[in-house]
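S.K.: Attaching a single structure in structure tokens format; questions to follow.
The values are calculated or read from the model by the stated rules, or taken from the named source; none is laboratory data. Being a predicted model, the structure only gives us computed values, none of them experimental. Here the Cβ positions follow ideal geometry from the backbone for every residue, glycine too, while neighbour counts run over all protein chains shown. Surface areas here come from the heavy atoms of the whole protein model, side chains and all, with no ligands, DNA or RNA. Shrake-Rupley method; radii C 1.70, N 1.55, O 1.52, S 1.80 Å.
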Amino acid sequence: MSAVRIARLSDQPLDLDAHLDAVEESSSGAVTTFVGRVRDTDPDAADAVVALEYSAHPDAEQTLHRIAADAAAGTDAIVAVSHRVGRLGVGEAAVVIAVASGHRAAAFEVCRTVIETIKTDLPVWKRQVEADGTTEWKGLGG
């Protein structure tokens, strides 16, 4: 069975339980999760952040699958990862990751590798919207 159970972009709210269910294996003694949420502050913002608007390159879902597969390679880890696109309000989940493995070290390492690589390599971009209507593109490195 594939190490990557979910790797998708979605314009719908992300479900942590669905990701946990996807990595469920009786041989996995460790499960780690990461949920990246929209926050209402940014050090560069003059006003409160009210939303983030995510857009993605057409190949982004394939890239997300590769990121998850590369992170899990050489381990017994199973990965489920999703990234939202569209407009998200404060508190909404932008990224959900669940990783299961036989032992905690691999689960933590793979989960961290997935989120760090998403930040640098995934062709998804965000526009930050502040309460006064000011907008700014952020994180254009991926």
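S.K.: Under 8 Å for C-alpha pairs, at least 6 residues apart: give me the relative contact order for region 5-72, rounded to a whole percent. Intermediate results must be reported in sequence, preceding the final value.
M.R.: On the way: 26 pairs, mean separation 30.0, N = 68.
Relative contact order of region 5-72: 44 percent.
S.K.: Give the Cα extents of the chain along the principal axes, in whole Å, largest first.
M.R.: Dimensions of the chain along the principal axes of its Cα atoms: 51, 25, 25 Å.
S.K.: Give me the net charge for the shell around Gly102: Cβ to Cβ below 15 angstrom, other residues only, Lys and Arg +1, Asp and Glu -1. Display every interim value, and only then the final one.
M.R.: On the way: positive: Arg104; negative: Glu24, Glu25, Asp76, Glu109.
It works out to a net charge of -3.
S.K.: Sum up the charges of everything whose Cβ sits under 14 Å from the Cβ of Ala77, counting Lys and Arg as +1 and Asp and Glu as -1, but leave Ala77 out. Numbers along the way, then the final one.
M.R.: Working: positive: Arg5, Arg104, Arg112; negative: Glu24, Glu25, Asp70, Asp76, Glu109.
Net charge around Ala77: -2.
S.K.: Using r as the Cβ-Cβ distance of Gln62 and Leu20, and R0 as 22 Å, what FRET efficiency do you calculate, to the nearest 0.05?
M.R.: Numbers: r = 24 Å, r/R0 = 1.09.
The value I calculate is 0.40.
S.K.: At 7 Å along Cα-to-Cβ for each site, give me the label-to-label distance between His103 and Val35 in nm.
M.R.: Distance between label points: 3.0 nm.
S.K.: Just the number, please: carbon plus sulfur as a percent of the accessible area of region 4-132, 1.4 Å probe, no ligands or DNA/RNA counted. Before the final figure, lay out the partial values.
M.R.: Numbers: 3030 of 6500 Å².
On region 4-132, the fraction of accessible area on carbon and sulfur atoms equals 47 percent.
S.K.: Counting other Cβ atoms within 10 Å of each Cβ, which GluC sites (Glu not before Pro) in region 36-117 have at most 11 and sit in a DSSP loop?
M.R.: Numbers: sites: Glu53, Glu61, Glu92, Glu109, Glu116; in loops: Glu92.
Sites meeting the loop and neighbour criteria: none at all.
S.K.: For Val4, enumerate residues with amide H under 5 Å from its amide H, sequence gap 5+ or separate chain, H modeled in the peptide plane.
M.R.: Val79
S.K.: Moving to a separate point now. Can you compute 3J(HN,Hα) from phi for each residue in region 15-23, using the Karplus curve 6.51 cos²θ - 1.76 cosθ + 1.60 with θ = phi - 60°, rounded to whole Hz and x for Gly and Pro?
M.R.: Listing the rounded values in order: 10, 4, 4, 5, 6, 5, 4, 5, 9 Hz.
S.K.: Find how many whole Å separate the alpha carbon centroid of region 17-81 from the alpha carbon centroid of region 98-134.
M.R.: Each part reduced to its Cα centre gives a spacing of 5 Å.
S.K.: Amide H to amide H under 5 Å from Leu14: which residues, 5+ apart in sequence or cross-chain, H placed 1.01 Å off N in plane?
M.R.: So Leu14 has HN proximity to Ala93.
S.K.: In addition: Could you work out how far helix 104-121 tilts from the main Cα principal axis of the chain, as a 0 to 90 degree angle to the nearest 10?
M.R.: Approximately 40 degrees, to the nearest 10.
S.K.: List, in order, the whole-Hz ³J(HN,Hα) value for each residue of region 84-97 obtained from phi through the Karplus relation with A = 6.51, B = -1.76, C = 1.60 and θ = phi - 60°; use x for Gly and Pro.
M.R.: 7, 10, x, 8, 10, x, 4, x, 6, 6, 9, 9, 10, 10
S.K.: Just to check I understand the Karplus step: with θ = phi - 60° and J = 6.51 cos²θ - 1.76 cosθ + 1.60, what whole-Hz values come out for region 69-78, glycine and proline as x?
M.R.: Listing the rounded values in order: 5, 5, 5, 7, 3, x, 10, 9, 5, 10 Hz.
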